[in-house]
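Participant: Supplied in structure tokens, the structure appears directly below.
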Amino acid sequence: MTNVFKKKEYLVQVTIVEARNLVGKDTTGTSDPYVKITVANLPAQVTTTAKTTTSMAWNQSFTFTNVRLDCLYKRSLAFSLVVIE
């Protein structure tokens, strides 16, 4: 019997487009936002930091390689996006 549940490596690409109307955290009512992206247990990647703004268009893409899933135990891929102001 062949093993149907072989481990495979995947590539995950995430594109951060924009953020709008963020709450200003600085005394000027603006922020210095950036986005931190985490996929599975791989090292996080971050966008560039936008200075003194509450809306930003990043249009940045990030590629996570060698994402490993074991089809037998995992049914979905965990990832998180955090906008840090």
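Participant: Counting only residues that are among the small types (Gly, Ala, Ser) and either surrounded by 15 or more Cβ atoms within 10 Å (Cβ to Cβ) or in contact with a His (Cβ under 7 Å, 6 or more places away or on another chain) (or both), which one in the stretch 25-52 is nearest to Ile84 (Cα to Cα)?
Facilitator: Residue satisfying both the conditions and the ranking: Ser31.
Participant: State whether the residues of the stretch 16-24 include one that is among the polar types (S, T, N, Q), modelled with pLDDT of 80 or more, touching an Asp or Glu at 6+ places or on another chain (Cβ under 8 Å) and not in a strand (DSSP E or B).
Facilitator: no
Participant: If you go through the stretch 32-56 one residue at a time, how many are more than 17 Å from Val17 (Cβ to Cβ) and charged (D, E, K, R)?
Facilitator: The number of residues fulfilling the criteria is 2.
Participant: Cβ-Cβ distance below 9 Å, separation of 6 or more or different chains: which pairs start in the stretch 35-53 with a residue that is closer than 18 Å to Lys25 by Cβ and end on one that is among the β-branched types (Val, Ile, Thr) and assigned to a loop (DSSP other than H, G, I, E, B)?
Facilitator: Val35/Thr47; Lys36/Thr47; Lys51/Thr30; Thr52/Thr28; Thr52/Thr30; Thr53/Thr30
The values are calculated or read from the model by the stated rules, or taken from the named source; none is laboratory data. Only a predicted model underlies this, so the values are computations on that prediction, with no experimental measurement involved. Glycine also receives a Cβ, built like all others from the backbone with ideal geometry; neighbour counts cover every protein chain displayed.
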